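K.L.:
Take a look at this one; I'll ask things after.
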Amino acid sequence: MTHAETKRQLWYVQRISAMVLACCVVAHLAIMIYAVRGGLSGAEILARTQGSWLFGAFYAVFVLGCAAHVPIGVTNIAEEWFGVRGFKSTLIAQLFTWGILILGLRAVWGVIAS
Amino acid sequence: MTKTLAVSVWRGKEEGGFVSYEVPRRDNQTVLDVITHIQRNVDHTLAYRFACRVGMCGSCAMTVNGKARWTCRTHVSQVAENGKLELAPLANLPIVKDLVTDMRDFFDKWARGLGQFKGSRTRKDEFEKVRPDSKARMAADAGIECIGCGVCYASCDVVSWRPDYLGPAALNRAWTLVNDQRDTQLVERMKAVAGDAGCHSCHTQGSCTERCPKQLAPTAGIAGLKRQLMTTPAGGK
């Protein structure tokens, strides 16, 4: 696959993941505002989230969206503002992808596992 | 007493500095008139470029008070701030001397984006019928009046960040040809304009559309290329 073709595909991945993230952010904010109301403790949050696979699935999608979206944007910033190209920019993208995936999914697991 | 303008003009090449001149203020004076006055009456060694003086040839574009503009149709009254003008060569292009830039990169990129028309008919064939109200022809017409002045190219941040980026003018040209039903190079052209040297690097910031003296919208053309490329691979599979 040519470099141009890879970049073309990544552009659409970034746009589609942005649409997914926009929906996730709206749902996340709405749930937060609804759930908090008169104040909410950590224990109360965990009581609601633990064992909820629907909650887990929603935030897993959120994490996957971030893991697809963020590295492409960060690579563009690295290339355009700091002149990082080639192997180094790929490495930055990989670091962000795996970092977000591991930390994000671990966090999701942390709040749903009972 | 005659009113005067305080004009700062870039002198030199990449290395150089601004030199101040005093120029008489006249009615309906354009920025190009100001430069011509300096060159003819104050300093004959000042280099600048112009040809038609009526907004057709696209050769007199410069940076006026920090923004790229066509100088022949920019009135001093539109741009002078407190009777002051600062004139510099176009950004994102190498400086030849004073206000003259080397436009080779700019036009080479038109060629790299396959900006040449290539049809299939000869002079012996019938004319192809193109409906002026067809969607494609209207899209082509919207971008066809580009005069190649380089204002969009000098105003584009992506050009300054990615030296291989084709730039708004070349991509606008490609878009007009993508919408020309007579042209035969669609597949090759889509390959040429894809990826980070092409339309996918555009951030839709819109400086090109904001500054285009012909009120064209390269941003819209680039968005059109991105839409078209959603279903067309950039080749090399």
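The values are calculated or read from the model by the stated rules, or taken from the named source; none is laboratory data. Computed from a predicted structure; not experimentally measured. All Cβ positions, even for glycine, are placed from backbone atoms using ideal geometry, and neighbour counts span all protein chains on display.
K.L.:
Tally up the residues in region B:131-182 that are over 15 Å from the mean Cα position of the chain (by Cα), over 20 Å from B:L229 (Cβ atoms) and either assigned by TED's automatic domain parsing to the domain that holds B:F50 or free of Cβ contacts under 8 Å to residues at least 60 places away in the same chain (or both), please.
P.N.:
Residues meeting the conditions: 9.
K.L.:
To continue, here is another question. The conditions are (1) assigned to a helix (DSSP H, G or I); (2) within 14 Å of chain A (Cβ to nearest Cβ); (3) at pLDDT 95 or above, and B:Q228 fails exactly one of them. Which is it?
P.N.:
For B:Q228, the failing item is (3).
K.L.:
For region B:175-205, which positions are among the basic types (K, R) and more than 9 Å from chain A (Cβ to nearest Cβ)? Spell out how you get there, then give the answer.
P.N.:
Applying the first criterion (among the basic types (K, R)) to region B:175-205 yields B:182, B:189, B:191.
Selection gives B:R182, B:R189.
K.L.:
Going through B:H44, B:H37 one at a time, which residue ends up being assigned to a loop (DSSP other than H, G, I, E, B) and either more than 30 Å from B:N172 (Cα to Cα) or over 20 Å from the mean Cα position of the chain (by Cα) (or both)?
P.N.:
One residue alone meets the criteria, B:H44.
K.L.:
Then there's this: Would you call B:E14 modelled with pLDDT under 95, not assigned by TED's automatic domain parsing to the domain that holds B:I147 and not hydroxyl-bearing (S, T, Y)? Walk me through it before giving the result.
P.N.:
Working: modelled with pLDDT under 95: yes; not assigned by TED's automatic domain parsing to the domain that holds B:I147: yes; not hydroxyl-bearing (S, T, Y): yes.
Criteria met by B:E14.
K.L.:
Still on this structure, please answer the following. Which of (1) over 21 Å from the mean Cα position of the chain (by Cα); (2) within 30 Å of B:W161 (Cβ to Cβ); (3) not basic (K, R) does A:S17 not meet, given it meets every other one?
P.N.:
That leaves (1) as the condition not met.
K.L.:
Right, another one. Residue by residue through region B:1-31, note down the ones that are among the acidic types (D, E) and in a strand (DSSP E or B). Break it down stepwise before answering.
P.N.:
Looking only at region B:1-31, we keep the residues that are among the acidic types (D, E), and these are B:14-15, B:22, B:27.
Selection gives B:E22 alone.
K.L.:
Of the numbered conditions (1) out of contact with any strand residue (DSSP E or B) (no Cβ under 8 Å at 6 or more places or on another chain); (2) surrounded by fewer than 21 Cβ atoms within 10 Å (Cβ to Cβ); (3) more than 9 Å from every other protein chain (Cβ to nearest Cβ), B:P218 fails exactly one; give the number of that condition.
P.N.:
Failing condition for B:P218: (2).
K.L.:
From the residues in region B:160-169 that are over 23 Å from B:R73 (Cβ atoms) and not basic (K, R), which one is nearest to the other protein chains (Cβ to nearest Cβ)?
P.N.:
Here the residue is B:W161.
K.L.:
Collect the residues in region B:183-205 that are crowded, with 22+ Cβ neighbours inside 10 Å, part of a helix (DSSP H, G or I) and free of Cβ contacts under 8 Å to residues at least 40 places away in the same chain, keeping them in residue-number order.
P.N.:
B:C199, B:H200
K.L.:
B:A154 - would you say it is more than 10 Å from chain A (Cβ to nearest Cβ), in a helix (DSSP H, G or I), at pLDDT 95 or above and in contact with a Leu (Cβ under 6 Å, 6 or more places away or on another chain)?
P.N.:
Against the criterion (more than 10 Å from chain A (Cβ to nearest Cβ), in a helix (DSSP H, G or I), at pLDDT 95 or above and in contact with a Leu (Cβ under 6 Å, 6 or more places away or on another chain)), B:A154 qualifies.
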